[in-house]
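Structure first, commentary second.
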Amino acid sequence: MYKKSYELLVGVFVLLGIVALIFMALKVSGLSLSGFDNSSYQVKAQFQNIGSLRPGAAVRIAGVEIGKVDNITLTPNYNGFIADVTLNINKRYSNIPSSYGAAIDTSGILGDSFIALHPSDMDIPGLYNSKYLENGSTIELSNTSSAINLNSLINTFVSGSGDKK
């Protein structure tokens, strides 16, 4: 009798350990069992160059994560191709002005790329904007900043192609 209860206790602990490992793996990967799509809306952003941005990258405002990059597609335009980036934004953040722009930024010098949403240069502080980003909205190419190419930046610095005084 004692042996059976001991085996049952070990089985329960092993099962709890497996559940804890699955939970931790989901947390680390950014996935959830309920799915992020149920509580989010999609916005597209157009970029000339996305650099190393990948699906699953964070979408942030003022450093606060508000969503994830869902999908990246290549779309023809008048000047070649552009990258259409689909963003899943949490519905809690449904009051983002439609005039906001998007930029591809990195966490540190060699960190992961993410999308940073920011007020447009045309925004006037204190002016009430009654239009917000909603499901299906697009942040146009003219209101986005592409990823900085670190190699070309270093080459420009090394070659000294700036003004010398």
> Which of the following residues is in a strand (DSSP E or B) and either surrounded by 10 or more Cβ atoms within 10 Å (Cβ to Cβ) or touching a Leu at 6+ places or on another chain (Cβ under 6 Å) (or both): Ala45, Ala20, Ala25?
Replying inline: Ala45
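The rows are residues; the columns are (1) touching a residue at least 12 places away in the same chain (Cβ under 8 Å); (2) out of contact with any Asp or Glu (no Cβ under 7 Å at 6 or more places or on another chain); (3) over 20 Å from Gly136 (Cα atoms).
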{"residue": "Leu16", "(1), (2), (3)": "no, yes, yes"}
{"residue": "Val19", "(1), (2), (3)": "no, yes, yes"}
{"residue": "Met24", "(1), (2), (3)": "no, yes, yes"}
{"residue": "Val43", "(1), (2), (3)": "yes, yes, no"}
{"residue": "Thr73", "(1), (2), (3)": "yes, no, no"}
{"residue": "Val85", "(1), (2), (3)": "yes, yes, no"}
{"residue": "Ile89", "(1), (2), (3)": "yes, yes, no"}
{"residue": "Gly108", "(1), (2), (3)": "no, yes, yes"}
{"residue": "Ser120", "(1), (2), (3)": "yes, yes, no"}
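Quick note: the coordinates plus some simple rules give every number you see, no bench work behind them. For clarity, every value in this text was computed on a predicted model and none was experimentally measured. Don't worry about glycine lacking a Cβ; one is built from the backbone with ideal geometry, like all the others, and counts go over all protein chains shown.
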